[in-house]
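Chemist: There's a structure below that I have some questions on.
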Amino acid sequence: MAQSHSIPPASVSSKGEAYRLLFFSDLYKLPVCIGTVKQRLGKLTDLVFRQAEPYPEAVGLYLEHGWGKPTEFIPWEKVIKIDQDSIFVAPPPNGEVYPPFVDQKGWILVDAHLMGRTILDMDGRRTEVVNDVHFLETRGKLHIAHVDVSFNGFLRRWGIRNLRWIKDRLISWKYVQPLSVEDVVKNDVVSLSVTREDVKELPGEDLADILEELSGEEQQALFAALDSEKAAETLVEAEPRAQRQLVANLRREKARHILSEMSVPQLADLFSVLPHDDLIEMMELLPKDQSDRVQAILNEREATARALMTSEYVSARPNATVGEVMGSLRQPDREPRCVSYVYVLKDDGKTLEGVVDLRELVLEAPEKKLEDIMTSPAVTVEEDMIREELGELFEKYRFRSLPVVDANDKLLGVVHYNDIV
């Protein structure tokens with residue numbers, strides 16, 4: 001953030017009270033001085049606020065000095081004035097130094113907790129970023145009044161004040177609710193969201209989309225604010241990566257309540273993307289009959305190509321003609337789905353060399369040889385490939401069947417699409 005500043009003068013309200021509106025970008029990195037500019041303590045690192053109604057109130061200045069030097073915390077009542085070039089404070093008592101900064105529960109650090117954080121727009125469908133924070137200074141106190149999500153705020157953050165994009169877009173703090181994430185991270189970090197009541201009204205699909213746009217801490221904060229029913233709905237709609245992140249940070253009792261809101265198929269879908277240790281832990285939270293049903297679905301999904309394949313398929317040698325193959329296909333005992341493809345085997349009668357689609361076969365001249373029209377090499381699957389992987393291959397290639405081969409391309413059988421969906 002650049003160090004160009006523009007401190008506005010005080011104004012007078014209709015009630016005759018002096019007030020001033022400031023942006024955090026106006027104050028960030030301003031020199032903090034005792035008495036005169038020559039007695040400089042350092043530069044403002046952050047402003048610290050406590051929750052208050054209706055707007056958070058400043059409790060002090062936070063200074064970092066670097067090079068291993070201790071931080072300093074200057075209580076707000078020690079602030080004498082803020083002018084264009086400096087923040088002036090009273091000297092510490094007894095000529096000593098101000099104490100190091102120690103974070104307190106519920107405190108909000110503007111730069112650390114708000115600037116650059118994601119805020120969910122009030123319709124819950126778009127995400128914004130806090131580019132600046134707007135303060136009201138009156139009666140010797142400083143309050144957070146708004147957050148600025150406009151591009152102007154972004155420009156100010158980087159010291160570009162001679163350009164204005166459009167009007168500042170300020171969102172009143174009363175419409176913005178900080179979510180304490182002390183339950184999900186070690187530090188009391190503040191994130192932003194719409195009010196909790198508004199969050200509850202958003203569809204799970206929209207919440208899942210929003211969660212995927214947030215950082216880890218913000219994601220956990222928003223998820224922790226949901227009740228069990230809404231959390232379950234959101235978890236079902238989330239992408240696998242987000243599902244793994246959310247589950248990994250759930251407390252057992254919270255997880256138990258969320259899982260109780262989900263159906264067996266939904267649980268199986270969720271558990272299928274979890275790491276093994278998380279899967280075992282989540283299974284332990286389910287009633288025995290429910291965990292057995294979920295496990296049965298997972299076992300079925302983990303069936304391999306060898307278990308799912310059939311040995312009923314049509315094969316022929318490379319030098320076989322189309323007419324010869326068509327004659328063999330007319331045998332009455334052929335299962336219809338076994339004649340989707342003809343698998344061309346080498347002279348050893350075992351090694352797969354290529355494949356011919358039946359729809360192409362019927363269009364060829366009877367005297368044409370398979371080696372002249374086959375697709376080679378064929379798309380194959382390994383015998384230990386699981387159902388999910390098979391499904392991805394079928395989705396990719398749109399085949400009706402896939403040949404299963406060993407490490408030497410020996411044809412072991414065929415997996416049909418209808419057997420894995």
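Chemist: When both residues are 6+ apart or on different chains and their Cβ atoms are under 6 Å apart, which pairs have a first residue that lies in region 141-160 and is within 18 Å of Tyr55 (Cβ to Cβ), and a second that is assigned to a strand (DSSP E or B) and basic (Lys, Arg)?
Modeler: Qualifying pairs under 6 Å: none.
Chemist: Further question on the same structure: In region 338-421, which strands (runs of 3 or more DSSP E) lie fully inside it and hold 3 or more residues that are more than 20 Å from Ser328 (Cα to Cα)?
Modeler: Numbers: elements: 341-345, 352-357, 401-405, 411-416.
Result: 401-405, 411-416.
Chemist: Within region 288-318, can you find the residues that are among the small types (Gly, Ala, Ser) and modelled with pLDDT of 90 or more?
Modeler: If we filter region 288-318 for residues that are among the small types (Gly, Ala, Ser), which is where we start, we get 291, 296, 303, 305, 307, 311, 315-316.
Within region 288-318, Ser291, Ser315, Ala316 qualify.
Chemist: Restricting attention to region 98-106, does a residue exist that is within 15 Å of Thr45 (Cα to Cα), in contact (Cβ under 8 Å) with a residue 60 or more places away in the chain and in the same structural domain as Phe23 (by TED's automatic domain parsing)?
Modeler: Checked region 98-106: at least one residue is within 15 Å of Thr45 (Cα to Cα), in contact (Cβ under 8 Å) with a residue 60 or more places away in the chain and in the same structural domain as Phe23 (by TED's automatic domain parsing).
Chemist: Cβ-Cβ distance below 7 Å, separation of 6 or more or different chains: which pairs start in region 281-296 with a residue that is closer than 14 Å to Ser263 by Cβ and assigned by TED's automatic domain parsing to the domain that holds Arg251 and end on one that is at pLDDT below 95 and not aliphatic (A, V, I, L, M)?
Modeler: Sorted first by the residue in region 281-296, then by its partner, the pairs are Val294/Phe271.
Chemist: Restricting to region 345-355, name every residue that is touching a strand residue (DSSP E or B) at 6+ places or on another chain (Cβ under 7 Å) and under 17 Å from Glu312 (Cβ atoms). Spell out how you get there, then give the answer.
Modeler: In the first step, residues of region 345-355 are kept if they are touching a strand residue (DSSP E or B) at 6+ places or on another chain (Cβ under 7 Å); the result is 345-346, 350-355.
Once the filter is applied, which keeps residues that are touching a strand residue (DSSP E or B) at 6+ places or on another chain (Cβ under 7 Å) and under 17 Å from Glu312 (Cβ atoms), region 345-355 yields Leu345, Lys350, Leu352, Val355.
Chemist: Are there any pairs, at least 6 apart or on different chains, whose C-beta atoms fall under 9 Å, with the first in region 245-267 and farther than 13 Å from Lys230 by Cα and the second charged (D, E, K, R), and if so, which?
Modeler: From region 245-267, the pairs are Val247/Asp278; Val247/Glu281; Ala248/Asp278; Arg251/Asp183; Arg252/Glu281; Arg252/Glu284; Val264/Arg293; Leu267/Arg293.
Chemist: Here is a follow-up. Any residue at all in region 304-317 that is part of a loop (DSSP other than H, G, I, E, B), buried (at least 18 other Cβ atoms within 10 Å of the Cβ) and hydroxyl-bearing (Ser, Thr, Tyr)?
Modeler: yes
Chemist: If you don't mind, another one. Can you tell me which residue is surrounded by the most Cβ atoms within 10 Å (Cβ to Cβ) among those in region 267-287 that are modelled with pLDDT under 90 and not in a helix (DSSP H, G or I)?
Modeler: If we take residues in region 267-287 being modelled with pLDDT under 90 and not in a helix (DSSP H, G or I), then Leu274 is surrounded by the most Cβ atoms within 10 Å (Cβ to Cβ).
Chemist: Take residues that are at pLDDT 80 or above and within 16 Å of Ala145 (Cβ to Cβ) and tell me which of the strands (runs of 3 or more DSSP E) falling wholly in region 1-60 contain 1 or more.
Modeler: 18-23, 40-50
The values are calculated or read from the model by the stated rules, or taken from the named source; none is laboratory data. Being a predicted model, the structure only gives us computed values, none of them experimental. We place every Cβ from the backbone using ideal geometry, glycine too, and count neighbours over all the protein chains shown.
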